[in-house]
Amino acid sequence: MWHLGHTLLGKVGCLGGVCGACTVMARPSDQALPKTALACQTMVSEGMEISFLPSDASKKALALLPEAAPSRDTLFQYYPETRRCVACQACSSICPQEIDVMAGVRDVLMGDLPAVAERFDSCVMCGLCAAVCESTVRPHRVGLYARRLHGAFYPQTPSHLLDRIDEISAGRYQAEWSDLMEASSSDKGNV
Ligand code: SF4
Ligand code: SF4
Ligand code: FES
C-alpha cells in the first residue's frame with residue numbers, strides 16, 4: 001500500500017512481525033478460503049484479496065505482581081472471564097501465529113503457568129483471539145500476564161545466551177568482526 005502511495009494512519013507498526021498491528025484477512029487467488037495473516041509478513045500475489053481487520057479493543061487489566069508465588073487465582077483476579085470459556089475453538093482458528101489459543105486458556109484453567117507462558121511465547125498481541133470470543137475471554141492478555149508471572153517467579157537460566165557469550169569470549173567470531181571493522185563504510189552494508 002505504501003508503494004502505491006497510500007497514506008496509512010492505522011494498522012502499521014513494527015513492519016517486523018512482532019507488534020501485531022497489521023492483521024489482515026488474505027485470500028490468494030488459488031485458495032478458496034481467506035486466512036488471517038500479518039500484512040507485513042505476507043507476500044502479495046496477483047489476484048490476492050485482502051481486507052483489514054479492526055485493532056484490538058480489549059482492555060488490559062492493571063495486573064500487579066503478587067508477593068507470594070502465583071496460582072491460577074492470581075490470573076482469575078484480573079481476568080475472571082477466563083472461567084467462561086466454552087471451548088469453541090474460535091480463538092485458535094483465527095490466530096495468525098497459529099497458536100493453540102484455546103489450549104492456552106485450558107492451561108490457565110488448570111493453573112499450569114509454565115504451560116501458559118510457553119504457549120503464548122510467540123503471541124504478537126494482535127487481539128484477534130479476544131475479538132472473536134463470544135465469552136469475552138481475553139486470551140492474549142491473560143497469556144501475557146502469565147508470562148510476566150513466570151519470568152518473575154520461575155526465572156530460567158538463558159542457556160543459549162550464555163553459550164553465545166562464551167563463544168564470543170573465546171574468539172569464535174573474531175575473523176568476521178575484523179572483516180567488518182576493516183571494511184570501508186560503503187562496503188559495510190554488504191558485510
Ligand atoms: S474463543 Fe473464547 S470461548 Fe472459544 S475457546 Fe477461545 S477463549 Fe474459549
Ligand atoms: S494469541 Fe491472540 S493476540 Fe496472540 S497472536 Fe494469536 S490471535 Fe493474536
Ligand atoms: S506491523 Fe508489526 S507485526 Fe506487522
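So the values come out like this:
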quantity: Neighbour cut-off at most 13 other Cβ (10 Å), DSSP loop, GluC sites (Glu not before Pro), segment 1-108; calculated: Glu46, Glu67, Glu98
quantity: Mean-position separation - Cα centroids, segment 143-183 and segment 6-29, in angstrom; calculated: 30 Å
quantity: Around Arg147: net Lys/Arg minus Asp/Glu count, Cβ-Cβ under 10 Å; calculated: 0
quantity: Longest to shortest principal axis, alpha-carbon extents of segment 67-178, angstrom; calculated: 57, 35, 16
quantity: Theoretical FRET efficiency, 1/(1+(r/R0)^6), r = Cβ-Cβ of Ser45 and Asp112, R0 35 Å, to 0.05; calculated: 0.30
quantity: Span-rule helices in the chain, defined as complete DSSP H runs reaching 20 Å or more along the axis (Cα) with Kyte mean at least 0.5; calculated: none
quantity: Full-stretch length increase - Glu167, Arg148 - with 0.36 nm per residue and alpha-carbon distance subtracted; calculated: 3.9 nm
quantity: Trypsin sites (Lys or Arg not before Pro) restricted to segment 58-110 and DSSP loop, no more than 12 other C-beta within 10 Å; calculated: Lys59
quantity: Net charge contributed by nearby residues that have their C-beta within less than 13 Å of Glu118 (K/R +1, D/E -1); calculated: -2
quantity: For the chain, the spread of Cα positions along each principal axis, largest first, Å; calculated: 61, 50, 29
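Here, each number is a calculation from the coordinates, and none is a lab measurement. This one's a predicted model, so the numbers in the text were calculated from it and none came from an experiment. Counting neighbours? That spans all protein chains shown, and the Cβs are built from the backbone with ideal geometry, glycine included.
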